[in-house]
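Here the structure comes first, spelled out in structure tokens, and everything after it is commentary.
The values are calculated or read from the model by the stated rules, or taken from the named source; none is laboratory data. All figures in this text were calculated on a predicted structure; none of them were measured in a lab. In this analysis, Cβ positions are derived from the backbone assuming ideal geometry, glycine residues included, and neighbour counts consider all displayed protein chains. Ligands, DNA and RNA are stripped out before the accessible areas are found, and what is left, the full protein with its side chains, is counted by its heavy atoms. Shrake-Rupley method; radii C 1.70, N 1.55, O 1.52, S 1.80 Å.
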Amino acid sequence: MQQHRQKAKDTLISGALYVVATPIGNLADISLRALAALEAADVICAEDTRVTAKLLRAYGLHVPLISLREHNEQAMAEKVIERLKAGEIVVQVSDAGTPAVCDPGARLVAAVREADLPVFSIPGASAVLCALSASGIVSDDFYFGGFLPAKKNEREKRLQELWRMSCPVIVYETPHRILDTIDELCLLPERTITLARELTKTFETFITGSATMLSGCLKNNPEQVRGEMVLIFHADEKAHHQENEAADFERLLHALAEHLPTKQATQIAMQVCDGNKKDLYNRILEIKNSN
Ligand code: SAM
């Protein structure tokens with residue numbers, strides 16, 4: 001293990017910014033490469049220096065920390081660029097998980113890239129992927145919606161927007177808003193929901209069911225309302241199936257348009273769908289003209 005950590009340390013480049021993922025609860029969830037970068041850093045830009053100091057202490061590391069939050073990110077970027085130009089190794093971390101995912105970091109990275117200096121990612125924990133990977137959801141795609149809005153009317157509007165998506169949708173939520181959000185979800189057409197709480201920690205819990213079931217469960221078990229949480233709205237299977245069918249039909253139209261005259265292509269397309277003949281003719285013509 002020590003050998004791999006040393007090897008990771010040897011490959012770090014002076015004058016580069018390393019964006020390092022840190023644990024989202026379980027201190028052991030950190031890669032050897034992340035530890036090597038933290039150890040080798042000349043300075044670590046941290047969201048809350050107290051939180052990162054705790055992580056460093058746990059691994060016996062002593063590295064200067066500077067605070068980098070959304071409000072000072074732009075100003076700090078100039079200082080980081082100076083340090084990088086002087087050949088220092090700079091590490092950027094947030095309080096938990098992957099920086100720049102609902103956390104500070106993106107503006108610093110953009111500024112460093114703009115200055116044409118190297119940026120490397122050292123991947124690790126991320127609540128969104130952690131929740132999805134252990135949810136049992138089978139899907140090739142998903143949409144990540146970040147935090148739901150705090151204001152009720154904005155949240156309701158956002159939930160309606162998210163409901164129109166047929167793929168699984170993942171959002172971050174907070175303990176003080178979860179009950180209101182679940183009540184709002186009860187008013188939407190039914191869709192299976194997973195609440196993933198306290199991931200990687202002692203009381204990690206996954207609860208899956210309808211919004212009504214979740215509402216009852218949380219109201220009867222106040223301890224389930226505490227901690228950090230992720231919500232997953234499972235795929236809307238019916239809509240997903242319809243989208244796949246529409247995509248298959250569009251591929252068929254492209255193939256027909258490529259190989260047959262418009263009239264003949266329309267006749268064949270009419271045999272596999274009960275659409276309007278004129279609309280199909282026009283669509284095939286449109287495809288032909290765009291090729
Ligand atoms: N950058 C982080 C990441 O990569 O996951 C996310 C930071 S965001 C400010 C914090 C939110 O992530 C929390 O409010 C919660 O929704 C989610 N989260 C973080 N840690 C979690 C955990 N251990 N269990 C469940 N959700 C978590």
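Observations on the structure shown:
- Verdict on Ala100 being more than 30 Å from Thr194 (Cα to Cα) and assigned by TED's automatic domain parsing to the domain that holds Arg50: no
- The residue of the stretch 42-70 that is most open to solvent (accessible area, probe 1.4 Å), among those that are hydrophobic (A, V, I, L, M, F, W, C) and farther than 15 Å from Ser94 by Cβ, is Ala58.
- Condition check for Leu38: away from the ligand (no atom under 16 Å from the Cβ) and open to solvent by less than 30 Å² (accessible area, probe 1.4 Å): yes
- Test for Thr200: is it within 15 Å of the ligand (Cβ to nearest atom), of a type in the set (S, T, N, Q) and in contact with a Pro (Cβ under 9 Å, 6 or more places away or on another chain): yes
Yes/no per residue for (1) free of Cβ contacts under 8 Å to residues at least 24 places away in the same chain; (2) within 16 Å of the ligand (Cβ to nearest atom); (3) under 23 Å from the mean Cα position of the chain (by Cα):
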position	(1), (2), (3)
Tyr59	no, no, no
Val63	no, no, no
Asn72	yes, no, no
Ala75	yes, no, no
Val80	no, no, no
Leu84	no, no, no
Ile89	no, no, no
Ala96	no, yes, yes
Pro99	no, yes, yes
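- Those residues of the stretch 160-184 which are away from the ligand (no atom under 16 Å from the Cβ) and farther than 24 Å from Thr98 by Cα, in sequence order: Gln160, Glu161, Trp163, Arg164, Met165, Ser166, Asp183, Glu184
Per-residue answers, yes or no, for (1) part of a loop (DSSP other than H, G, I, E, B); (2) surrounded by 17 or more Cβ atoms within 10 Å (Cβ to Cβ); (3) of a type outside the set (S, T, N, Q):
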| site | (1), (2), (3) |
| --- | --- |
| Gln160 | no, no, no |
| Ser166 | yes, yes, no |
| Ile170 | no, yes, yes |
| His176 | yes, no, yes |
| Leu179 | no, no, yes |
| Leu185 | no, yes, yes |
| Leu195 | no, yes, yes |
| Leu199 | yes, yes, yes |
| Thr202 | yes, no, no |
